[in-house]
Amino acid sequence: MHTVLSLADVPPQTLPARSMMAFTLASHIILVPLGVALPLITLIMHGYGLRRNDETALLLARRWSAVMAVQFAIGVVTGTVLSFEFGLLWPGMLGRWGDVFGIGFGVEAWAFFLEAVLIAVYLYGWRRLPSRTHFLLGLPLPFVALLGAFGILAANSWMNTPRGFTLDAAGNPVDVSVWKAVFTPMFGPQYWHFVVAMFVTAGYVVAGVYATGWLRGRRDRYHRLGFTIPFTVAAVFTPVQFVLGDSIARQVFHKQPVKFAAMEIVWNTDTHQAEYLYGRLRPDGSVAGGIRIPQLDSILAGFRPDTKVTGLTSVPAADRPTPAEATIAHFAFDTMVFIGSLLILVALWYALVWLRRRRLPASPWFYRVAACAGVASVVAVECGWITTEVGRQPWIVYQNMRVAEAVTSTRAGALWLMFALVIVVYVFVFGSFLVVLLKMRSRWRKPDTAGGPPPPTPETDTPYGPRSAGRFL
């Protein structure tokens, strides 16, 4: 059961609460790819270095582990803010549904604690533990990172397809089944789509740093290896992500047809639906702008032009996204697909050159594109979350509770003030993150550019054994 609200009944607190949540989530998600995938990429480099006794690979792994630790510390701040916001901004949701889907947040908290311990051990172990022992102690890190993603995605997929409970006469959930609440119909597609996106994004982000170095003339083995391994990880996962993206879109078509209608700006239920590349949905159901491709939407949804696609008008106006929200979801979805398609081409370019010539591409244009791929991947991840959250409107728990029913009763003015303070804090936090990374980069590069006798180069300074003079992480 849920209360029927008209648009005029939406509390004034809803806009500042949604704006604050959107800002903090969009900021936090910038860090998530490195938090989920950088441990695996670092350990691949670490294992490669141990297997081949490659000091360059070991040095790269050691430096990436330092970045991993700094990123985790910043993620602590942004993740904690998000946790508090769930309770402060949406008490109606947690008050009614916390017993059903709260297990996901519990799993994420345990994973967060374990990851903090493991990162500390791994970072401290350089030069202090035997090499193989140190490597083995780091192996659980990728699995713990995936466990944290498991908890968050379990909660979010439940919000999209709530299961594992029955409602009593007052509309409150009873007879909770934790297993069904965790493994909802959208959990599998959403979890793997998200996880693979993290590997793709982290790989391109890390490789982009070394692609930029290549373009600036730094073409030693240190930069080649720093580019090759993360870019290869990303390139391998890119086509997998494209297939998973197609699969989850089809699951949304079956499980959340109104959200699918918003993603594709479909107004009326019908067969032979056209696909619009971008375009804006007007209040009367017409589409302004964009590129119209006849019948393609029905073909993509069901592999047949006569596939019936549910339209937004299949439900009352109060139960569906507004035309503006549908347009936002549609633009975000199309941008995500567009970026994914470009990344497929970049991965194919890389694979063809490698298979034919057994070397990295030599074209400066390839490295220009590679340097931009990391930023583009982050944009795609942001667009994915916009599609998921905006396309579900007006529901915070799909077809069970509206956003307006869950929002706090705190005055809108106080929420706007809180939002302003959050922005100030986040500017300081992310500014500090950038300053620390730049200082680390300068310190790592300094021995190669300082005057006087040349110190050990990155290719010969090993992370195990005695420290070289003046050399740190």
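Leaving ligands and nucleic acids out of the surface, order S363, S409 by accessible area at 1.4 Å, largest first.
S409, S363
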Given the Cα-Cα distance of V243 and I293 and 0.36 nm per residue of separation, how much length would full extension add, in nm?
15.9 nm
Return the whole-Å distance between the Cα centroid of the range 295-325 and the Cα centroid of the range 382-450.
31
Short to long, in 5 Å steps from zero, the percent of alpha-carbon pairs of the range 213-371 per bin is 2, 8, 15, 17, 14, 9, 8, 9, 8, 6, 3, 1, 0
Please state, to two decimals, what the Cα-based radius of gyration of the range 263-323 comes to when divided by 2.2 N^0.38 Å (N = residues).
1.07
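Roughly how large, in nm² to one decimal, is the mean projection of the convex hull of the alpha-carbon atoms in the range 1-135? All intermediate terms of the calculation are to be shown ahead of the outcome.
Details: hull surface 41.8 nm².
Result: a mean projected hull area of 10.5 nm².
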Per DSSP, the loop-located trypsin sites (Lys or Arg not before Pro) within the range 155-255 having at most 16 other beta carbons within 10 Å are R216, R218, R219
Cα long-axis angle, helix 221-255 against the chain (0 to 90 degrees, to the nearest 10)
10
Between 0 and 90°, nearest 10: helix 140-160 axis offset from the chain longest Cα axis:
10
C372 accessible area, nearest 10 Å², 1.4 Å probe?
90
Using alpha-carbon positions, the gyration tensor of the range 69-130 gives root eigenvalues a ≥ b ≥ c; with a/c under 1.5 called rounded, otherwise prolate if a/b exceeds b/c, else oblate, the class is oblate
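Quote to one decimal, in nm, the extra length available between R219 and C372 on full extension: 0.36 nm per residue of separation minus the C-alpha distance between them.
Numbers: separation 153, 0.36 × 153 = 55.08 nm, distance 1.84 nm.
Between R219 and C372, full extension yields an extra 53.2 nm.
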Report the dimensions of the range 66-198 along its three principal axes from the alpha-carbon atoms, largest first, rounded to Å.
63, 29, 24
Along the Cα→Cβ direction, 7 angstrom out, place labels at V435 and S363. What is the inter-label distance in nm?
4.2
Using the alpha carbons of the range 137-270, what is the convex hull volume per residue in cubic angstrom, as a whole number?
161
Probe 1.4 Å, all protein chains in place: accessible area of L40 in Å², nearest 10?
50
Could you order T201, T269 by accessible surface area, starting with the largest, using a probe radius of 1.4 Å?
T269, T201
Using +1 at the C-beta of Lys and Arg and -1 at the C-beta of Asp and Glu, which of Q71, P12, L40 has the Cα lying farthest in the positive direction of the dipole of the range 1-101?
L40
Stokes-Einstein diffusion coefficient of the chain, Kirkwood radius over Cα pairs, 10 °C, 1.306 mPa s, in µm²/s
66
Kirkwood Rh over alpha-carbon pairs of the range 293-392, then Stokes-Einstein at 25 °C and 0.890 mPa s: what D in µm² s⁻¹, rounded to an integer?
150
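The values are calculated or read from the model by the stated rules, or taken from the named source; none is laboratory data. Here the structure is a predicted model, which means the values were calculated and not measured. A quick note on method: Cβ atoms are made from the backbone with ideal geometry, for glycine too, and the neighbour counts reach across all protein chains shown. Each accessible area value is taken on the protein alone, full model and side chains, heavy atoms only, with ligands, DNA and RNA left out. Shrake-Rupley method; radii C 1.70, N 1.55, O 1.52, S 1.80 Å.
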